[in-house]
Structure formats: C-alpha cells, structure tokens
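First up is the structure itself, then whatever we jot down about it.
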Amino acid sequence: MEMLYDAYVDDIFRYLMFRIRDKEKALDLTQEVFVRMWQSYLGKGKDVEFPKALLYRIAHNLLVNSYERDVHHSSLDTLSEAGFDIADNSQDISKTIIASDLNQMLGLIEKKDSDLILLRHIEGFSVKEIADIHGVSENVISVRLHRALAQLEDLYNKKEKNE
Amino acid sequence: MNNPKLQKDIENFENAYKQVSLSVSEKENLKSNIFGRITPVAQPSPFFAWSFYLRAVPAALIMFAIIGAPVSFAAERSLPGDVLYKVKTNINEEVKAAFVPKEEKNEYYQSLLTKRVSEIKILAREGEIKKDALVDFEEALEENVSDVILALEVSEDSEEDTLEDHQVVVAALDISEDVLGLSEETGELDASVSFSIISEIETKEEVDDKDIDEKKAEDEQVELVELKEETEKENDKKEMREKFRSLRNVALDALSKHVEDISNTRVEEVESLVDDIVLEAKEEILGSDFTNASTTLDSSVRIRLEQEVEFLVNESVELDSDL
C-alpha cells in the first residue's frame, strides 16, 4: 500500500486538482481515494491487477459525487485563485497551463469531454483504461473521445480564422 | 488531430501538467493521515470463508469440523479396511473436491482412481486382502467411477481428451481386477474350484452323519470348517467380480456412448466437407470453360473425395478398436 501511495499520489492529486480546481478539496479527495483503495480492495486481500487504473476509477467516482454535491464549481481559469500554488516550482507551471489556449478551449467544451481528452492525451491512458475508469464500454469512450477532439479542433480552427 | 497548433498545445500542456506535484511535507502529511485511517481494518474471520463451502459439502465439512484436522491428516495414509479409510474417501477427498475448480474436477477424480489402484496394489503386496478391505475398496471405487463419468459428461474438453479419460476409467477397473485376481480367465477357474469345494462339502456332510468315530468326525469337522471358509472366500470373490463387471459395464456404456457421439460428429464433418467440395466444383465449372474444367475438376474432386472416404474409414476403424 505504501509503495502504491508513493508511486501514484502525485498522479491522483493532479487528476483531482485539474478537475475540482480546489487544492484543499483535491487533497481531501486524494486521501479518500487511498483510504477506499485499502478498505474496499487491498485490506480485504483482494488481488488488484491494475492498481493505477483502479485508483483513477475511485477518484473518478468521488469526483462525480463531488460534482453532484457542488454544482457551482469553478472553471480552469480560476485555478490560481483557488490556491493552485502546489510546490514552490509549480507557480510558473500553473501560470503556463492557465494561460494556454488549450486550457481556455477545454473550458468551452463539456466537462466530461474535456476529462476524456485530459485522460487520453495528457495523462496518456489507453481507451480501454479510460473505459475501465469511467465504467463504460470502450466503444462509448472511442465515440465520445472522437467527438470531443473534433469539437476542440473546430474551436481551434475558428480561433485561427478570426485571427 | 490535424491542427498543428492544437498538437503543439497538447504537448506543452502535457509537459507542464506532469510537473505539477505535491511538496514533500504535503505528501508526508497526507500519508500519515491515510495510514492512520486504514490500519484498523477488520479482516473477515476464516470461518466466514468456510461458510460458503459448508453449503457445498455440508455433511463432509461438519464431520471434518467434529473429527478435526489431525484425524483427517492421519486418514490420508490409510488403506481399505482401516478405520480411517472412510474418513479419507468420504471426507478428505470430498472436501478437497469442493475446492477444485470446475474445469479441473475431471482430472482430480481421475487422480483419485489412480490412488485407488495404487492402494489395492499395496494391499495385495502385503498379502491377503480381507473382506472389509474389499468392501471399502469397492465402495470407494464405485464412487470414484461415477464421479469421473459425471465430470466427463459436463466437461468442456475436446472429444479426443474425453475419450482418453473414459479409457482411463476402464483401465483403472481392469488393473484393479487383475490385482484382486478377479480377471475373466482366473474367474472361470475360481468358479469351478468353488463349485468342486461346495460339492465336496455336501458329500462330506452326508458322510459325517453316518460316521460313528468321534475323533474322525472331529477331524472331518475341522476340515469342513476350513473348506467352508474357503468357499465363503470364493463366494465373496465371486460377488466382487460381479460388482466389478457391473461397474465396468457402466464405464463401458459411457465410453461407447461417447464414441458414438464422436463418430456421428465425424460423419457430419465429412458430409459437410464433401458438400463444400461439390459446391466449389460447381462454382468453378460454371465460372470457366465447361469442358476443360469438368475434366480437371472431376479428377481433383475424385481424389479429394477418395481421401475423405479413406480418412472416414480409418477413423471408424480406430474408434472400433478403441471400443
């Protein structure tokens, strides 16, 4: 369990932080993810084949619950206000991310679609792994991902035209 | 993704994203919080895990719980006729079977058959086999044979494998019969010996009535008892032989039913193959120069059909010899 924590705590925190945009909440949920991993699986002696995907799945479920509780969540452009000053060296990084066109564009498409793009193209998960995390079939993910990417590309093309 | 700017943005975003991490102190704090919460997790009691199997093999497991592990361990080395032999065959092996995955059940029951054969071999090597031992052995063997046949019926193995498995059952029965001296040839001899002994006793009994000499009568009596014992033994043997025969018939029935199934499938396979060839030939004939095609195809089709027929004949010969 300790090895699992050391290996994936940053990944899980990042995943939650980029979606919930509140450092304190992200920290709380990160803690909850590992506690649930132990209580529901490892502590019961269950064999977990892909622990990383399972941690993300738990995180995803917690996020969905948290969205339902808190409908008025902020968009990515308010990350700095929400305390996006993680490690000392992260200040510049967070600014880079906030200022990027991609961040702005992701804020314009549907939340679950931007989530898929982040998982696939930023976090590098396979379609199958994303399907596991979201608890739906690979086909559904492929279709949604294709649609989300087309939407994003469309936004980029429009922006370029205007410029 | 065709837009080059989007591609570049994704790359930059990815690089920046992956550098976002928690500080060392934050990680340590979080870690102590998590591990403070997770350590006192109640483990399910081992008996709870057993409760599932209690439903599967109730009698066996309750006996196991009452008698306890040391007895069941000691029973492992018991032989037919021993007090603990029934613990071994009815409890230990049944409990083990409950833990064997479905697809390995058939293999497990076959290993029990092999075990039975080696048990009776050990007994035969030690000397005379007592009646109790024979009864125990016969019961255990009968149980195992029906288990294997049942497992083979639900097995999803290939037909050839199942056929081999059926043969293993018959072979185990044959070996056991040999070891016990119950095989067909000696059986007939035994029967004639037994008959002669019985008639001898009958005449002796008649003679006995008329004999006045007590000493002589006593001698005769001793001889008579010995002869009676021998006859009883022979009768037991006869009984066992009959049981073996019926058991063997059950196994052979299952085997022949299986062989029949396989031959039916083979015939169907060959028939559909012949259909395919004819269809292929028709297509080629209709699609090309008729006269040329018909002569070349006639010979090629004939050769293939001949090969198929030969294959079919060989298969049935093999199947017959298997039976």
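Coordinate-derived values only; no laboratory data. Every value quoted in this text rests on a predicted model; they were computed, and no experiment measured them. Reconstructed Cβ throughout: ideal geometry from the backbone, glycine too, with neighbour counts over all protein chains shown.
When both the stretch B:85-105 and the stretch B:114-138 are represented by their alpha-carbon centers, they are found 20 Å apart.
Sort A:T30, B:T231 so the one with the fewest other Cβ atoms within 10 Å of its own Cβ comes first.
B:T231, A:T30
Annotation: extensible slack from B:K233 through B:D178 equals 18.1 nm (criterion: 0.36 nm per residue apart, minus Cα-Cα distance). For the stretch A:134-148 and the stretch B:224-243, what is the centre-to-centre distance using only Cα atoms, to the nearest Å? Measuring centre to centre over Cα atoms gives 78 Å. At an R0 of 25 angstrom, the distance between the Cβ atoms of B:E226 and B:K130 translates into a FRET efficiency of 0.90.
Given in Å, the Rg to one decimal and the Dmax to the nearest whole number for the Cα atoms of the stretch A:2-67 are 11.3, 34. Each peptide in A:152-158, A:48-54 receives the mean, over its residues, of other Cβ atoms within 10 Å, and ordering these scores from highest gives A:152-158, A:48-54. The residues packed around B:L247, meaning those with a beta-carbon under 12 Å from its beta-carbon, carry a net charge of -3 if Lys and Arg are +1 and Asp and Glu are -1. Here r is the Cβ-Cβ distance between B:S118 and A:F50 and R0 is 45 Å; the resulting FRET efficiency, rounded to 0.05, is 0.50. A Förster radius of 22 Å, combined with the Cβ-Cβ distance separating B:K18 from A:E2, puts the computed FRET efficiency at roughly 0.45.
Peptide B:26-37 shows a mean partner chain C-beta count of 5 within 10 Å per residue C-beta.
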